[in-house]
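One structure is given here, and the rest of the page talks about it.
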Amino acid sequence: MRARVLVTTRAGGRSAPPYDENNLALHVGDDPDVVAANRQRLGGELGVDRVRFMHQVHGAAVAIADATTDGDVPDADALVTTTRGLAIAVLVADCVPIALVSRRAIAVVHAGRRGLVEGIVSAAVDAIHRYDEGPVAATVGAAICGGCYEVPADMQAEVAGVVPAAKATTATGTPGLDLPAAVRSQLRDAGVDVTNESAPCTREDPRYYSHRRDGVTGRFALVAMLEP
């Protein structure tokens, strides 16, 4: 089956500052009616009635989305589906969004610092393999880079102790975390083909929302769908 993967930007929606323009998150203080309109616009671009989201909790829980779960918003950091024409999405503003694609299943994954340590990447890959034992490919979306993500030294040591590729030095010479590099490392360890070696840094690129850069701000989405 063919899959479609896209990443939204700030452009084109109806949200007012500081969420301008295309905020897709309901939990950041934006007008819910405006967010609903932005989500409806996204669904229209994909040719679907609605896009499925999740309540992301920075953990390692994986939820299944299909016709029986319509209306559900699970507490999870990955959504998996085998249903054609069903669009699933992950929301971010510095964390790493991932799309996993196999012949029979797709997943979207939210990999923040805590989720990375708890194993959300491998949990999502395992969930895909329950439906399809064949090869899996991954697209890693825009996220904060190691040069911009400054953290305390003890936090760096905690994360790098689990995923050594996460250790980084920021542009100012302080301890940092390179979450995209850590995600790619975990994906490769799980036997996943990573289709892109780089993606924009959310803090550096004004097309994307960044909590580190702006504080109160919106969320953009990585969306995946098995073509009808």
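By the Cβ distance rule (another cysteine Cβ under 4.7 Å), the unpaired cysteines of the chain are Cys95, Cys148. Can you tell me what percent of all Cα-Cα pairs in region 67-150 are more than 18 Å apart? Result for the distance tail: 44 percent.
Look at the Cα gyration tensor of region 84-127: its axes a ≥ b ≥ c give a/c of at least 1.5 with a/b at or below b/c, and that counts as oblate.
Calculate the tail of P(r) for region 55-111: the fraction of all Cα-Cα distances greater than 15 Å, expressed in %. Value for region 55-111: 44 percent of Cα pairs lie more than 15 Å apart.
Counted over the chain, the DSSP beta bridges are approximately 75% antiparallel.
Normalised by 2.2 N^0.38 Å, where N counts its residues, the alpha-carbon radius of gyration of region 105-164 equals 1.33. In terms of the Cα gyration tensor, with a ≥ b ≥ c the square roots of its eigenvalues, is region 13-60 rounded because a/c is under 1.5, prolate because a/b exceeds b/c, or oblate? Oblate shape, in that a/c is at least 1.5 and b/c is the bigger or equal ratio. Helix-only arithmetic for the chain: the sum of -39500 (n - 2.57) across DSSP H runs with n ≥ 4, divided by the residue total, places the mean residue ellipticity at 222 nm at -7500 deg cm²/dmol. The relative contact order of the chain, computed from alpha carbon pairs under 8 Å that lie at least 6 residues apart in sequence, is 26 percent. Considering the values (1) 16.7, 50; (2) 19.3, 62; (3) 18.2, 61, which represents Rg and Dmax of the Cα atoms in Å as calculated for the structure under consideration? Working out Rg and Dmax of the Cα atoms in Å from the coordinates points to (1). The modelled label-to-label distance between Arg103 and Thr174, using points 7 Å beyond Cα along the C-beta direction, is 5.0 nm.
Seen from every direction in turn and averaged, the convex hull around the alpha carbons of region 1-110 projects onto 6.7 nm². If the Kirkwood radius is taken over C-alpha pairs of region 138-228, then at 4 °C and 1.567 mPa s the Stokes-Einstein diffusion coefficient equals 91 µm²/s.
Ranked by the mean number of other Cβ atoms within 10 Å of their residues, highest first, the peptides 21-32, 133-144 come out as 133-144, 21-32.
Bear in mind these aren't lab numbers, they're just calculated from the coordinates by the rules spelled out. Bear in mind the structure is a predicted one, so any value in this text is a computation, not a measurement. Positions of Cβ are generated from backbone atoms using ideal geometry, with glycine treated the same way; all protein chains shown enter the neighbour counts.
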